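All remarks here apply to the structure that follows.
Derivation of every value follows stated rules applied to the coordinates shown; laboratory data play no part. Note that the structure is a prediction, hence the values are computed from the model and not measured. Here the Cβ positions follow ideal geometry from the backbone for every residue, glycine too, while neighbour counts run over all protein chains shown.
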Amino acid sequence: MRTLAWITVALVVAVSVYFIFEMKENARMETNLDEYMPRTHPAFVYSDMAEDWFNIKDGILIAIENKQGICNPQTLEKIRDITEALEDMPEFDSNHVMSLYSADNITGTEWGLDVRSFYRRVPASPERLEDLRQQVRTNDMVYGRLVSEDETVALIIAGLHSDAFTQEFYHEIMAFAHGFESEDETIYVAGRPIVEGTMALLGPADMKRMVPIVLAVIAVVLYLLLGSFRASGATLFSVFVSSIWAFGMMSALGVPIYSVSTMIPVMLIAIGVAYGIYFFNHLNQYYKKFPYGDIYEALHYM
């Protein structure tokens, strides 16, 4: 019997090591929100149709905030530099980069429509800065959209080419945007691709942080309830192995890890610990009734 038990333990450890290897090699976090629902769902079908009709692209939003107001040479220069840099990046469609610098200021005149840029050269004199401020305030396509109504935040929107976003590009664009921060300006980066990239970072990070904490708390609670290091260790070992096997099988079968999948270890630990407490509680009850009982009879008693 002892030989069979050790063989079983060895097999469990061997399979666990295999699954750990599979996780290291093949595990991937699914961050594409489109993959969370069937592509045949009406909402996705009509969304794809609208994107084709109107050439809608997933965008990255970069907001630059200056609490003293954006109408100053330093901030306006950064808006221009960010816009031009995004237009030159191959991941973006240069025709879908919108900002105060690239937007057209359309005004009506007695001869028709006058279309010109808000600025090409960064205005430096107070008169030109005030003129720019008035142009922004009187343009409903920009005021409250690309420039906040309190004139402290300017928005730059850049449309991505299809399938251009990667985790490497996520780190690149974040480093690029935050490189423009200063004591006066704060940079914010948003948009669906950024949300998906952040999920890919925070999901595994939360698992690495939460699972050890949960295991430590459960270990203390188990020992207080069971009064045995052996019983506590056996229960924790079983739930730990179950988590490895769950993610290992997902990796081996090519099933990605979704954001909700990060709850699997916590749920398995909670369920497995509950069954462990139930098992050892009944086992202890059996040995109280039959102090010299056999292990096989104890298991049948369960």
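Which helices count as membrane-span-like in the chain under these terms: full DSSP H, at least 15 Å along the axis by C-alpha, Kyte-Doolittle mean of -0.5 or more?
Details: long enough: 2-26 (35 Å, 1.09); 42-54 (18 Å, 0.02); 73-88 (23 Å, -0.88); 126-137 (16 Å, -1.73); 167-178 (17 Å, -0.22); 192-226 (48 Å, 1.45); 229-252 (33 Å, 1.17); 264-289 (38 Å, 0.62).
Going by DSSP H runs, the hits are 2-26, 42-54, 167-178, 192-226, 229-252, 264-289.
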- Counting as exposed only GluC sites (Glu not before Pro) in DSSP loop states with no more than 15 other Cβ atoms inside 10 Å, the longest exposed-site-free span of the chain is 184-302
- Task: Take every Cα-Cα distance within the stretch 59-190, group them into 10 Å bins from 0 onward, and report for each bin the whole-number percent of pairs it holds.
- Result: 12, 44, 32, 11, 2, 0
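Exposure proxy check: 275, 188 ranked by fewest other beta carbons within 10 Å? List each step's numbers first, then the result.
Numbers: 275 12, 188 15.
Listed from fewest to most nearby Cβ atoms, that is 275, 188.
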- Item | Alpha-carbon Rg/Rh ratio, for the chain, with Rh computed the Kirkwood way | 1.22
- Obtain the radius of gyration and the Kirkwood radius of the stretch 158-302 from its C-alpha atoms and give Rg over Rh. 1.23
